[in-house]
Amino acid sequence: MNIALQTQPPALSDYYSETKCIWCDGCGNYGIWTAVKYSLVELNLYPWQVCLCYDVGCNGNGSDKIEGYRFHGLHGRVIPFAAGAKLANMKVPVIAFGGDGATFSEGIGHLIHGVRSNYPITFVLHNNTNFGLTTGQASSLTPQGQAMNTSPNGIPEHTLASMDLVFSLNPTFVARGFSGDIKLMTRILKAAIQHRGFAFVEMLQACPTYNHFATHEYLLDRYFDANADGHDPGNLQQARALATQVQDRIACGILYQRRDAPDFYSRLIPRQGVETTCVEEVRRYDVSEYWKELV
Amino acid sequence: MPRISLKIVGASGQGINSIGAIIAKGLKRSGYCVFGYREYPSLIKGGHASYQLDVSNERICSTETKVDVLVALNHHGLELNMEELKQGGIVLHVTPGWQFPEHHRKLIAERSLRIIYFPVDDMLNRLGARAILSNVLLTAFVWSMLDQDIDALKSLVGETFAKKKALLELNIRCIDEGYSFVDPEQGAISVALPPPDKGFAGHLLITGSQAMGLGAVHAGVRLYAGYPMTPSSPLLSFIAELENKTHMVVKQAEDEITAAQIVSGAMYMGTRALTATSGVGFDLMSETLSLNAMIENPTVFVLAQRPGPATGLPTWTAQGSLLQAANCSAGEFTRCVISVSNSQDAFDLMPVAFNLAEQYQISVIVLTDKQIAEALYTQHPYDQEKTEIDRGRLVVDPEKLKLLKSSDRFNPHAQGGVSLRWLPGSRAATYCAQGDEHNSIGAVDESSLNTKLQIEKRLRKCHGLKAGLPAPHLSIGGRSVETSDWIDTGDEIELLAIGWGSTGDVFQDVMRSDELRGRKIAYLHFTYLWPLRTQELQRLAKRSKHIVLVEQNYQGQLGMLIRMECGLDIPDKILKYDGRPFFYDELLSSVIERCASTSENEKTSPGLEHAGSPS
């Protein structure tokens, strides 16, 4: 990438990576990866303007298959890292990616507090309803009773009602996409990145190697664009009902958005009226004013 | 060095801290050096707690086990603390009709103790004041015993109640009443203080946590994330109290993992961010330490020590986390462990820690302990001019950014293993801060050649870091000396003591004691603990008759690191692991014992053991 020659608007090719893709044939990650690039280009963002944070899992193996300032961290921890990055520099869009294992098992506390805090970041859940990278163990979103690696009789636990949980936290943005619909995902991602607050985006995706229940065809048959059907994202109760009723048809699109709730940073009293970012403020400070009352 | 000690005891929440704090401030303004030490159990109300002030007209930074004045706010103090009084000591109490048991009556006679009953309830009734004002009455009486000016106390109290006129008036009446009290049996009592040194009047009275907080702000820290855990919580509180003035981002996270990750994200983005925790809280942060090593993300963690394992003794002190700091977390990587020792370097070392972190793109762990975090120091105002902000190989110039290649970020051939770093949002080639083993651009690369190169890159930093760290600080007979001047010349050292952290100040006071004045005792103090620089120690050891390790842990953890690094074994150890800091008189007698045995052994060979040859 040659920065000096960038006089043209960003193009998909700016996000090309030399690193070869290693996902399985038919993996939903290809579609999500493509939609992420489309959305960034359509938002007029160059790679150097964005921060992409990846959790551990098959999605995280995408961290070196795209351009942009990227981070690939520890299992379950991507949300607080991304939040810290964003709070330090509010000028850079921060998008975090994590799988259902990282998000609803190891890092569920971080998700809960991330939504509750309304950090101004986008979080993309790669939901293939299993631990793919560790060879197909059940996640807390795997249907109860489904036989998986390490649980040949199916897991004894209840399946976690993920959307109910998210909606219980008073989210400000909830959307759902499907890895087979690039256009839909791109629209959702663009809205999520532009949202001022914590944007929770679930991407339903196929895992052809380990998920033999919610397959690409299964999802393809059931998903639909609720916004095209006239769903109003302003109604929390309707959105919650739509998001959680997934037996026959699976509602996708922007399910809920609230625009009037201030994000975490806007609620910080000490930062009000401060135009600079924390990154720009690093210098030596005279603190003698603060020790006066200690004399 | 003349020293007077005054101890206020009572139930937690009864107001012992406010009495202690106001007397400390008053005495400091009068020209005394004050060292305040708190003991309290891990609960909010009740339980036996104390606030001790050790006072001198010279620099003092330690606590004695024996006191001149005991102020007992309840009868538990009369039961529990009588043994601590010195000959001729004074007991001030508020318990009506208290009958001392036989063994205490004997003690009172033997030590010629003076007992003063202070009828606080009668006074409150007379003044129509609420019980909370009993502390003001007592403070005023103690103030009169110390022969201090009543107006000084009034102006101090006036500062607190400047905006509450009615309250202030009542407080002033309490001061008059308490100050003029004379015990009918004992008559006027006076505790003789040495002549003041007005140099102390303009000093600060500051805790180690406040000092560290000021140091962090001074160092350019713009984001703080923490999770409450004693003794790191006072730092979080202090930073939060200042937030409207500093305009910092302050986040109380949902757990220590989150705090560590938020801070790491913020540092990756390019600000300076800080977190602090203790013991098991640091266990939770240690996975993030490993992550930062892999992505070469500069970070600073404050690890405030208390006794463990587990939650241990939450409100007590220890130096038991040195090996934890030096060794915890997965993988081999370069890190730096430093320790603050008092309110001076709690401030000074914050910019140093951030500079080291950014110069080497590593994590720096700053150790403190409950003693430093909560002790009250008389501190000369800080010299802020000496601080430089060094951000290492950070590229910010737009012209230089244009020239960067992605492969510059983790270039394994970078000088000293430290490659160029630039920040997200910079108009430049991008890279991945990759937690998996990676090549120069941050793409995953598990090949044999790359793995070897990158591990060597990250560990090569240790050489430069170690070579650049300052030498341990040497003092001889209580005087600070240039370590390098003393290494090879000068007389034989009678006793060489090795320590770190809060031990240092107590040892300094011990060396300045009348008992040890003029003795050839050397104290080598380690601030930089990992990587460990041992060349000075090895050379000093060769001309010392006796070496002793002084630490507040069971194993002698610095001794273990010393032996690991250079083979020098120090069999003689003064170790303390009961949750209490070293007390002045206690450490003094341990040192005198060693000096005596050194003299006795003079004719036989000195018992120095070398487990291996110095490297």
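A short reminder: the numbers here are calculations on the coordinates, not readings from a lab. Fair warning: this is a prediction, and the values are worked out from it, not measured in the lab. All Cβ positions, even for glycine, are placed from backbone atoms using ideal geometry, and neighbour counts span all protein chains on display.
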Point to revise | Reach of B:LYS198 by Cα under 21 Å, taken over lysines that are not fewer than 8 positions away in the same chain | key: A:LYS292, B:LYS25, B:LYS28, B:LYS154
**Study point:** Peptide A:91-99 - average C-beta neighbours from other chains (10 Å radius)
**Key:** 1
Check your understanding: Toward the positive end of the charge dipole of the protein assembly as shown, about the Cα centre and with charges on Cβ (Lys, Arg +1; Asp, Glu -1), which of B:ILE592, A:GLY253, B:LEU394 goes farthest?
Key -> A:GLY253
Check your understanding: Is any residue of the stretch A:54-97 close enough, with backbone N under 20 Å, to a label point placed 7 angstrom from the Cα of A:LYS20 along the Cα-Cβ axis, and if so, which?
Key -> A:58-67
Review point. Which ³J(HN,Hα) values, rounded to whole Hz and listed in residue order, are derived for the stretch B:91-97 from phi using the Karplus coefficients 6.51, -1.76 and 1.60 in 6.51 cos²θ - 1.76 cosθ + 1.60 with θ = phi - 60°, glycine and proline given as x?
Key: 10, 10, 9, 10, 8, x, x
Revision key, fill the gap. In Å, the C-alpha Rg and Dmax of chain A are 20.0, 73
**Study point:** Geometric extent, Cα atoms of the protein assembly as shown - Rg, Dmax (angstrom)
**Key:** 31.7, 99
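If packing is taken as the average count of other Cβ atoms within 10 Å, what order do A:213-226, A:127-140, B:354-367 fall into, highest mean first?
B:354-367, A:127-140, A:213-226
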Exercise for review: Take a quick pass over the stretch B:473-610 and tell me how many lysine pairs come in under 21 angstrom between Cα atoms, counting only ones 8 or more apart or on separate chains.
Suggested key: 8
Study note, to complete from the structure: Tilt, helix B:279-295 to longest principal axis of chain B (alpha-carbon atoms), in degrees rounded to tens, equals 20
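Between rounded, prolate and oblate, where does the stretch B:398-468 land on the alpha carbon gyration tensor, with a ≥ b ≥ c its root eigenvalues, rounded for a/c under 1.5, else prolate if a/b exceeds b/c?
oblate
Looking at the stretch B:473-610, what % of the alpha carbon pairs are farther apart than 22 Å?
Of the Cα pairs, 31 percent sit more than 22 Å apart.
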Point to revise | Lys/Arg +1, Asp/Glu -1 at C-beta; the stretch B:2-88 dipole; positive extreme among B:VAL55, B:GLY10, B:LEU43 | key: B:VAL55
Review point. Among rounded, prolate and oblate, which fits the stretch B:205-379 when a ≥ b ≥ c are the square roots of the eigenvalues of its C-alpha gyration tensor, a/c under 1.5 means rounded, and a/b larger than b/c means prolate?
Key: rounded
Check your understanding: Is the stretch A:1-118 best put as rounded, prolate or oblate by its Cα gyration tensor, with a ≥ b ≥ c the root eigenvalues, rounded for a/c under 1.5, and otherwise prolate when a/b is larger than b/c, oblate when not?
Key -> oblate
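With r defined as the distance between the Cβ atoms of A:GLU280 and A:GLN144 and R0 fixed at 45 Å, what FRET efficiency is calculated, to the nearest 0.05? The partial results should precede the final answer.
On the way: r = 50 Å, r/R0 = 1.12.
For A:GLU280 and A:GLN144, the calculated efficiency is 0.35.
May I ask you to work out the translational diffusion coefficient for the stretch B:468-547 at 4 °C, viscosity 1.567 mPa s, via Stokes-Einstein with Rh from the Kirkwood sum over Cα pairs, reported in whole µm²/s? The partial results should precede the final answer.
Details: Rh = 12.6 Å.
Stokes-Einstein gives a translational diffusion coefficient of 103 µm²/s.
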**Study point:** Under 14 Å from the B:MET1 label point (7 Å along Cα→beta-carbon), backbone N, the stretch B:323-346
**Key:** B:342-343
Check your understanding: Relative to the first principal axis of the alpha-carbon coordinates of chain B, what is the inclination of helix B:584-600, with its axis defined by its Cα atoms, in degrees from 0 to 90 and to the nearest 10?
Key -> 70
Revision key, fill the gap. Rounded to the nearest 5, the percent of DSSP beta bridges in the stretch A:1-141 running antiparallel is 5
Point to revise | Spatially proximal lysines relative to B:LYS86 (Cα-Cα < 16 Å; intrachain offsets below 8 disregarded) | key: B:LYS7, B:LYS66, B:LYS106
Study note, to complete from the structure: A chain fully extended from B:ARG59 to B:ASP151 at 0.36 nm per residue, minus the present Cα-Cα distance, gains in nm 30.5 nm
Practice item. Check the straight Cα-Cα distances from A:LYS190 and name the aspartates and glutamates below 17 Å, setting aside those fewer than 8 residues away within the same chain. Key: A:GLU42, A:ASP181, A:GLU202, A:ASP225
Review point. Among the DSSP beta bridges whose two residues both lie in chain B, what percent are antiparallel, rounded to the nearest 5?
Key: 40
**Study point:** At most 11 other Cβ within 10 Å, DSSP loop - trypsin sites (Lys or Arg not before Pro), the stretch A:225-269
**Key:** A:ARG259
Check your understanding: In percent, what relative contact order does chain B have, based on Cα pairs under 8 Å that are 6 or more apart in sequence?
Key -> 11
Review point. If we count other beta carbons within 10 Å of each Cβ, what is the order of B:VAL352, B:VAL340, fewest first?
Key: B:VAL352, B:VAL340
Review point. Any idea what % of Cα-Cα pairs in chain B are farther than 32 Å?
Key: 53
Practice item. Take peptides B:54-65, B:574-585, A:150-161, A:197-208 and line them up by average Cβ neighbours within 10 Å, highest first, as a rough protection proxy. Key: A:197-208, B:54-65, B:574-585, A:150-161
Point to revise | Shielding by other protein chains, B:218-228, mean Cβ within 10 Å | key: 4
**Study point:** Cα centroid separation - the stretch B:334-361 against the stretch A:28-63, whole Å
**Key:** 37
Study note, to complete from the structure: One would report the antiparallel percent of DSSP beta bridges in chain A, rounded to the nearest 5, as 15
Review point. So which of B:LYS251/B:LYS402; A:LYS37/A:LYS183; A:LYS37/B:LYS400 end up more than 23 Å apart, counting from Cα to Cα?
Key: B:LYS251/B:LYS402; A:LYS37/B:LYS400
Review point. Binning every alpha carbon pair distance of the stretch A:139-240 at 5 Å from zero, what are the percents per bin?
Key: 2, 11, 17, 21, 20, 15, 9, 5, 1
Point to revise | chain B: calculated mean residue ellipticity at 222 nm from DSSP helix runs of at least 4, using -39500 (n - 2.57) | key: -11500 deg cm²/dmol
